[in-house]
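Student: Below you will find the structure I want to go over with you.
Every number here is computed from the coordinates shown, using simple stated rules; none is lab data. The structure displayed is predicted, hence computed values, not measured ones. Cβ placement follows ideal geometry from the backbone for every residue including glycine, while neighbour counts extend to all protein chains displayed.
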Amino acid sequence: MSSIWDKSMKRFLALTAAVALLLSMTSCSNTEVPASEFTSVITSESTTSASAVLETTTEVSASDTAAQTESSETEAEMVLRINDQVIQVEWEDNESVKALKKLASNGTITIEMSMYGGFEQVGPIGTDLPRNDEQTTTSPGDIVLYSGNQIVVFYGSNAWAYTRLGKIQNMSEEDLTALLGASHVTLTINWD
């Protein structure tokens, strides 16, 4: 009797092991189950949680895309040249500069500048940019938007209503006067 009992027990254990193995293999497969089979199980609470997860995932994806765009804009930068000399500029973060960057992304902007008042060079951009004029006293190296369609680079000082675009870096007032004090200069803006 013991021998029959041992055989039955061995068969039962073998069958149980086979079923367990079969279940573990099917649960680890890569086969996708259609979502429609699970809809009857989802409660209103889990639907809310799923919506929150989806919204959060969408927000993270959008911020990742914005960060990638910002990163690629940071890698390429808008470059100002005066008479073919590259000028280091710290650009403002405003709508006017964003519009100028967009304009420069379409190709090089070339502006023929003229001396005015013995303290600035001014020239037409060729289009209107958004503006947020404020009464300002400029200093040497300031780059401003005047009347929404002219760029002004200062080597002296003036007080007027302008929209600030940027500030020339690492040049003294004497360097700026030597560069901008001629009757005519050419300014170019492009992406580098």
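Student: Using a 10 Å cut-off on Cβ atoms, rank the peptides 158-167, 132-141 from the highest mean neighbour count down.
Tutor: Values: 158-167: 17.9, 132-141: 14.9.
Descending mean neighbour count gives 158-167, 132-141.
Student: Amide H of V79 versus every other amide H placed in the peptide plane: which residues, excluding those fewer than 5 positions away on the same chain, fall under 5 Å?
Tutor: N190, W191, D192
Student: Packing-wise, with mean Cβ within 10 Å as the measure, how do 179-186, 145-152 rank, highest first?
Tutor: Packing proxy ranking, top to bottom: 145-152, 179-186.
Student: I125's amide H: which non-local residues (gap 5+, or another chain) put their own amide H closer than 5 Å, with H modeled 1.01 Å from N in plane and none for Pro or chain starts?
Tutor: For I125, whose amide H was placed from the backbone, the distant partners under 5 Å are Q150, I151.
Student: Can I ask one more? Under the rule of at least 5 residues apart or a separate chain, name every residue whose amide H is placed under 5 Å from the amide H of T136.
Tutor: Those lying under 5 Å, H to H, from T136 are W160, A161, Y162.
Student: Hey, rough spin-label estimate for Y116 and W160, points 7 angstrom out along Cα→Cβ, what's it come to in nanometres?
Tutor: Distance between label points: 0.4 nm.
Student: Taking the Cα centre of the range 78-191 as the origin, how large is its charge dipole in debye, to the nearest 20, when only Lys and Arg (+1) and Asp and Glu (-1) carry charge on their Cβ atoms?
Tutor: 320
Student: May I pose another question? With θ set to phi - 60° and the Karplus curve 6.51 cos²θ - 1.76 cosθ + 1.60, what are the ³J(HN,Hα) couplings of the range 95-108 in order, to the nearest whole Hz, using x for Gly and Pro?
Tutor: 5, 5, 5, 4, 5, 5, 4, 5, 4, 5, 5, 7, x, 4
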